[in-house]
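In what follows, a structure is listed as structure tokens, so that the remarks can point back to it.
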Amino acid sequence: MDIQIERLGRSFSGVWGLKDVNATIRAGTISVVVGANGAGKSTLLRLAGGRLCPTEGTVRYEGRLLRHNAVSLRRKSMLLDVDDIPFGGVCKIIASTIVDYSADRGNIEEVVSDWLRRFEIQDLVRTTGSEASKGQAYKARLVSLFSINPPIWLLDEPMSAGLDANGLMILEEQMMKHRADGGTVVFTSQWPRHAVRLADDCLILDQGKLLWQGAPTRYDASIDVPLSNVSLRAVIDGLTEATDRSVQT
């Protein structure tokens, strides 16, 4: 499923968190959104998933307008926000998501059980939220995502969600598999190396505006960034360094 973003903006109490963003994210690709803290990365994903209503502009899935009350269309995507993990333990997290998405696969229980085993959290299905660590709770969200498998995956800072080495390996494998199956993956990251290693497309945000979009390996440092913008400069320098290293290898 393609995502078409046109003149998208969101204001918070009169302050623009995102402003006049135009972008197309193609199906069968992995896209990464990078930028310094406060650039608008999380806001963009929440708007793209229908979690927030835009102040201006539109989001469309395959040409269909995404509205806050368009439940069936919103179920075409799933947003995993590291700051929005439901309370109630691993079992409740998974069950509530399956109910919310009206997942009606005949073998859903077997699929969930398999993912619980692969993430090594099968013994936590009866624990309360306080007994599951941050990484374990995020694994439960991933179990829901992989079991339901909507066309569009929106992952906010997944590499910073407390996953262990096994969890990170599974996540990256499934991101690439979803792309190969024609799905759409959009994730945010503070680490430009993730962009070069995993993504086909890269969006650079700064202060709510889209500065650049393109293949991360083709970034040529053409953006004029003031030296005073230290945080953004660090992101771009990291992307350039990662790109140069990728070309050398």
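Numbers at a glance
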{"item": "Qualifying positions in region 122-167 - of a type in the set (Lys, Arg) and assigned to a helix (DSSP H, G or I)", "result": "Lys134, Lys139, Arg141"}
{"item": "Lone unmet requirement of (1) more than 30 Å from Ala39 (Cα to Cα); (2) not assigned by TED's automatic domain parsing to the domain that holds Ser31 for Leu142", "result": "(1)"}
{"item": "Boolean, Arg46 is among the charged types (D, E, K, R), in contact with a helix residue (DSSP H, G or I) (Cβ under 8 Å, 6 or more places away or on another chain), crowded, with 17+ Cβ neighbours inside 10 Å and not in a loop (DSSP other than H, G, I, E, B)", "result": "no"}
{"item": "Flag for Ile25 being among the β-branched types (Val, Ile, Thr), out of contact with any Phe, Trp or Tyr (no Cβ under 8 Å at 6 or more places or on another chain) and surrounded by 19 or more Cβ atoms within 10 Å (Cβ to Cβ)", "result": "yes"}
{"item": "Given (1) surrounded by 21 or more Cβ atoms within 10 Å (Cβ to Cβ); (2) under 27 Å from Arg197 (Cβ atoms), index of the condition Val90 fails", "result": "(2)"}
{"item": "Region 178-204 residues that are in contact (Cβ under 8 Å) with a residue 12 or more places away in the chain and in the same structural domain as Ala27 (by TED's automatic domain parsing), paired with ones that are of a type in the set (Asp, Glu) and outside any helix (DSSP H, G or I) (beta carbon under 7 Å, 6 or more apart)", "result": "Thr188/Asp156; Thr188/Glu157; Ser189/Glu157"}
{"item": "Top-ranked residue in region 180-204 [being assigned to a helix (DSSP H, G or I) and touching a helix residue (DSSP H, G or I) at 6+ places or on another chain (Cβ under 9 Å); ranked as surrounded by the most Cβ atoms within 10 Å (Cβ to Cβ)]", "result": "Ala195"}
{"item": "Residue match in region 28-40 (condition: out of contact with any helix residue (DSSP H, G or I) (no Cβ under 6 Å at 6 or more places or on another chain), more than 21 Å from Asp81 (Cα to Cα) and either hydrophobic (A, V, I, L, M, F, W, C) or outside the structural domain of Asp237 (by TED's automatic domain parsing) (or both))", "result": "no"}
{"item": "Test result for Ala95, of a type in the set (A, V, I, L, M, F, W, C), surrounded by fewer than 17 Cβ atoms within 10 Å (Cβ to Cβ) and assigned by TED's automatic domain parsing to the domain that holds Gln122", "result": "yes"}
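The values are calculated or read from the model by the stated rules, or taken from the named source; none is laboratory data. This is a predicted model, so every value here is computed, not measured. Cβ atoms come from the backbone with ideal geometry, glycine included; neighbour counts cover every protein chain shown.
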